[in-house]
Amino acid sequence: MPGVRLMLVAPVLLVVVACGSGGGGGGGATAPPTDPSPSVPGPPPVATPPVDPTPVGGVVPQGFDTTPARVTTVDGEVCDLCVWVADDNARRGRGLMGVTDLGGLDGMAFVYDEPRTTSFTMRNTLLPLTIVFYGPDGRYLDAFDMEPCEAEPCPPYPTPEGFTVAVEVLQGEHAGLAMVQGSVLELLTGDCETPPSH
C-alpha cells in the first residue's frame, strides 16, 4: 500500500507548497501535515508553552488590525492569508516603516475606499518588498519589487490606475501566495485564527 499513501499525500503537499510563504507563516499552509504511518502507541504528549512568533529583536507592525484574505487563481487554486490592514491615512503613511519581521503574517494590505492612482515609497522601510495591486472587483492589476531606501530622496514607485487594494509581501513571495496575474483577492471578515467568512 505504499503507492496508495504516496498518491494521497502528494496532492496535499502540492497545495501546501503552492500556497506557502517563506517568511510570513500566516498563509494557507496552516493545516497540520498528514502522517500516513500507522498509529503506534507512545508516550503521552507533553504540553509545551506557546511560542512567540516574533524573533528576539524583530520589529513587527504596531497599531494595525489584521484580517483574513483569500486569493483565488484562474485555475481555481485558493490561498488563505492573514494580513495587517492599513486602511486610513495615518496607517497607510506609516505602512511597514521600521519593520523587520511580519510577525507570522503574510503581508500588509493598503485598503482604499475609492479607486486611485498614486505612488508608494520605501522611505525608512527595511525589508525588500513586492507590492501587488488589485482593482475594485478584486482582480489582479500589477505587481513589482521595491527596494529599501536608506537615504533621501527615496524614489517613488508609481501605481497602476484604479487600484483599491495594494498588498506588500516579502520580496518574491507573492507567487507562492497565489498573487499572480489573473488572481482575485477578497478581504474577509473575522480574525485570522478562525475560519474566514465572506
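The values are calculated or read from the model by the stated rules, or taken from the named source; none is laboratory data. Predicted, not measured: the structure shown is a model, and the values here were computed from it. Glycine also receives a Cβ, built like all others from the backbone with ideal geometry; neighbour counts cover every protein chain displayed.
Could you tell me whether Asp142 is in a loop (DSSP other than H, G, I, E, B) and not β-branched (Val, Ile, Thr)? It is false that Asp142 is in a loop (DSSP other than H, G, I, E, B) and not β-branched (Val, Ile, Thr). Scanning the range 90-120 for residues that are among the acidic types (Asp, Glu) and either under 18 Å from Ala69 (Cα atoms) or part of a helix (DSSP H, G or I) (or both) yields a total of 2. From the list Thr125, Thr100, the one residue that fits, being among the hydroxyl-bearing types (Ser, Thr, Tyr), closer than 19 Å to Val60 by Cα and free of Cβ contacts under 8 Å to residues at least 40 places away in the same chain, is Thr125. I'd like to know if the range 160-167 contains one or more residues that are closer than 19 Å to Arg94 by Cβ and surrounded by fewer than 19 Cβ atoms within 10 Å (Cβ to Cβ). For the range 160-167, residues closer than 19 Å to Arg94 by Cβ and surrounded by fewer than 19 Cβ atoms within 10 Å (Cβ to Cβ): absent.
Residue count for the range 66-89, restricted to those that are surrounded by 14 or more Cβ atoms within 10 Å (Cβ to Cβ) and outside any strand (DSSP E or B): 3.
Of the listed requirements (1) touching a residue at least 40 places away in the same chain (Cβ under 8 Å); (2) touching a His at 6+ places or on another chain (Cβ under 8 Å), Ala143 misses just one: (1).
I'm checking my understanding of the structure. Among residues of the range 59-110 that are of a type in the set (Val, Ile, Thr) and closer than 21 Å to Leu141 by Cβ, which one is nearest to the chain's Cα centre (by Cα)? Of everything passing the filter in the range 59-110, Val83 is nearest to the chain's Cα centre (by Cα). Would you call Gly63 part of a loop (DSSP other than H, G, I, E, B) and either in contact with a Gly (Cβ under 6 Å, 6 or more places away or on another chain) or at pLDDT 95 or above (or both)? When the stated conditions are applied, Gly63 passes them. Pairing each residue of the range 173-188 that is at negative phi with any residue that is of a type in the set (Phe, Trp, Tyr) and assigned to a strand (DSSP E or B), provided the two are 6+ apart or on different chains, yields C-beta distances under 8 Å for Met179/Tyr140; Val180/Tyr140; Gln181/Tyr140; Ser183/Tyr140; Val184/Tyr134; Val184/Tyr140; Leu185/Tyr134; Leu185/Tyr140. Scanning the range 167-187 for residues that are over 18 Å from Thr72 (Cβ atoms) and part of a strand (DSSP E or B) gives Glu168, Leu170.
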